[in-house]
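The values are calculated or read from the model by the stated rules, or taken from the named source; none is laboratory data. These numbers come from a predicted model, not from an experiment. Counting neighbours? That spans all protein chains shown, and the Cβs are built from the backbone with ideal geometry, glycine included.
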Amino acid sequence: MSLDPNGVTQSVEETSPSTADSLVITQTRAARLEPGAVQMLSKSPGERAHYIEQDRMIICPASKSVLVQAAWMFNERPHGRARGFVVTSKPGNGKSSLAGAVQRELKPYDGGAGPCVLSISMSGVRDARTVYGRLMELLGSPARISHRLSDREMLAVRLLKAVNCRLLVLDEVQDLLQGSEREQQRALEGIKFLMNQLSLPVLAFGTDKAAQAFASDPHLAARFTEIQLPAWKADNTLANFLATYERFLPLAKASNLAEQQKVAFLAKVSGGVLDVIVQRLQNAALMAIRDGTECITLQLLEKAVSRPTDWALEQFKGVK
Ligand SMILES: Nc1ncnc2c1ncn2[C@@H]1O[C@H](COP(=O)(O)OP(=O)(O)OP(=O)(O)O)[C@@H](O)[C@H]1O
Ligand SMILES: [Mg+2]
């Protein structure tokens, strides 16, 4: 096993490359992979495995359009009548990842005077008190039991003004539908109050039913526009996603994930759900390191329903 000038292990691709060959291989890898993935090629299997299983954010056209709308809402002068979007998709299709990307792209709350984006989960929310309580918690002023609804309302508004919150992100909005009609109404009143008091735009995320959560309040229903993140299918969008994802996989050989057969297989086996596609890719990449093939073949994708059973845990030991 020899190392090329970048410290990349060569034994997988070549038995004994000349110096000129090594240079070509290094350049090819640098063109094929992101710099971080190139560096990983020389690391231990455990370190490579950790790199593979990290979450990534690859921007596809649908998520790009949400980021653009979010940037408009964040940067516009406050409107008298604040508006909102509700981004819906199947479970596991990248909503929370996109909500995180919106915060990072614009400006997450950092303890300063803003402007900033704030994000809360609507999971388990059954009334306006909890909406305000979650925001207060986020901003370092946890609500007390003794606070009445009107106290919380006032404190939440004051805190949001102080940090110059310009966009409120709500995740897991479909969870509102788990409450009774009265509970849904009470939770929606909290959102409507903040939108009205602060002219605060809202970007909500939820599964396909999430838009219904706003439908029960005619004022909110009129203000929210739905954006659907489509299910993934065998098309150029998926091929581009796979080609980009491959750039983050520290494998010594090209997998050509954008090949038509691989695109078609992943679209079918995933039912169009991104989480399933990403898990398959990660499992297959780990197996490619495990069995030394160093690239993802169609056969490997077919096998890669779970993490390699006999190897990864041992390799992970001692790797932070
Ligand atoms: N844009 C992306 N690029 C790469 N991987 C992604 C992207 N979006 C999501 N993923 C992967 O898909 C997984 C599921 O994404 P996420 O949790 O955002 O989905 P979700 O729609 O919020 O799911 P749920 O409906 O269960 O809340 C993530 O852990 C991540 O691995
Ligand atoms: Mg989510």
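Among the listed residues SER65, SER96, SER42, SER119, which satisfies the condition of being assigned to a loop (DSSP other than H, G, I, E, B) and in contact with a strand residue (DSSP E or B) (Cβ under 9 Å, 6 or more places away or on another chain)?
SER42
Which residues, taken from segment 228-245, are more than 26 Å from LYS209 (Cα to Cα) and of a type in the set (Gly, Ala, Ser)?
ALA239, ALA243
If LEU238 satisfies all but one of (1) within 16 Å of ligand 1 (Cβ to nearest atom); (2) at pLDDT below 95, what's the number of the condition it fails?
(2)
Please work out which one of (1) modelled with pLDDT of 95 or more; (2) loosely packed, with under 15 Cβ neighbours inside 10 Å is the condition THR309 fails and give its number.
(1)
For the subset of segment 97-121 comprising residues that are surrounded by fewer than 21 Cβ atoms within 10 Å (Cβ to Cβ) and touching a residue at least 60 places away in the same chain (Cβ under 8 Å), which member is farthest from ligand 1 (Cβ to nearest atom)?
LEU106
Among the residues of segment 122-133, how many are among the polar types (S, T, N, Q) and either buried (at least 22 other Cβ atoms within 10 Å of the Cβ) or not in a helix (DSSP H, G or I) (or both)?
Summing the residues that are among the polar types (S, T, N, Q) and either buried (at least 22 other Cβ atoms within 10 Å of the Cβ) or not in a helix (DSSP H, G or I) (or both) in segment 122-133 gives 1.
Against the conditions (1) within 13 Å of ligand 2 (Cβ to nearest atom); (2) out of contact with any helix residue (DSSP H, G or I) (no Cβ under 7 Å at 6 or more places or on another chain); (3) outside any helix (DSSP H, G or I), where does GLY112 fall short? Just the number, please.
(1)
Checking the conditions here, which among ALA211, ALA231 is surrounded by fewer than 16 Cβ atoms within 10 Å (Cβ to Cβ), of a type in the set (Gly, Ala, Ser) and within 18 Å of SER89 (Cβ to Cβ)?
The conditions single out ALA231.
I'd like the residue in segment 214-226 that is surrounded by fewer than 17 Cβ atoms within 10 Å (Cβ to Cβ) and in contact with a Phe, Trp or Tyr (Cβ under 8 Å, 6 or more places away or on another chain) and, out of all such residues, is farthest from VAL273 (Cα to Cα).
Checked segment 214-226; the qualifying residue farthest from VAL273 (Cα to Cα) is ALA221.
So GLY179 fits all but one of (1) more than 26 Å from the chain's Cα centre (by Cα); (2) farther than 24 Å from PHE224 by Cβ; what number is the exception?
Looking at each condition in turn, GLY179 falls short on (2).
I'm checking my understanding of the structure. Among residues of segment 176-206 that are within 16 Å of ligand 1 (Cβ to nearest atom) and buried (at least 20 other Cβ atoms within 10 Å of the Cβ), which one is farthest from ALA71 (Cα to Cα)?
Ranking the qualifying residues of segment 176-206, first place goes to LEU176.
Only residues that are buried (at least 17 other Cβ atoms within 10 Å of the Cβ) and touching a Lys or Arg at 6+ places or on another chain (Cβ under 9 Å): list them for segment 59-96, please.
MET73, PHE74, ALA82, ARG83, GLY84, VAL87, THR88, SER89
Tell me, yes or no, whether segment 256-272 has at least one residue that is surrounded by 20 or more Cβ atoms within 10 Å (Cβ to Cβ), at pLDDT 95 or above and either in the same structural domain as ALA210 (by TED's automatic domain parsing) or within 17 Å of GLU34 (Cβ to Cβ) (or both).
Going residue by residue through segment 256-272, those that are surrounded by 20 or more Cβ atoms within 10 Å (Cβ to Cβ) are 257, 262-263, 266, 270.
Narrowing further to those that are at pLDDT 95 or above: 257, 262-263, 266, 270.
After this cut, where a residue has to be either in the same structural domain as ALA210 (by TED's automatic domain parsing) or within 17 Å of GLU34 (Cβ to Cβ) (or both) as well, the list is 257.
Scanning segment 256-272 turns up at least one residue that is surrounded by 20 or more Cβ atoms within 10 Å (Cβ to Cβ), at pLDDT 95 or above and either in the same structural domain as ALA210 (by TED's automatic domain parsing) or within 17 Å of GLU34 (Cβ to Cβ) (or both).
Take the residues in segment 199-219 that are farther than 13 Å from ARG83 by Cβ and assigned to a helix (DSSP H, G or I), then tell me which one is farthest from the chain's Cα centre (by Cα).
The extreme case among them is PRO218.
Failed condition for ALA82, given (1) away from ligand 1 (no atom under 16 Å from the Cβ); (2) in contact (Cβ under 8 Å) with a residue 60 or more places away in the chain; (3) touching a strand residue (DSSP E or B) at 6+ places or on another chain (Cβ under 6 Å), with all others met?
If we test ALA82 against (1) away from ligand 1 (no atom under 16 Å from the Cβ); (2) in contact (Cβ under 8 Å) with a residue 60 or more places away in the chain; (3) touching a strand residue (DSSP E or B) at 6+ places or on another chain (Cβ under 6 Å), just (3) comes out false.
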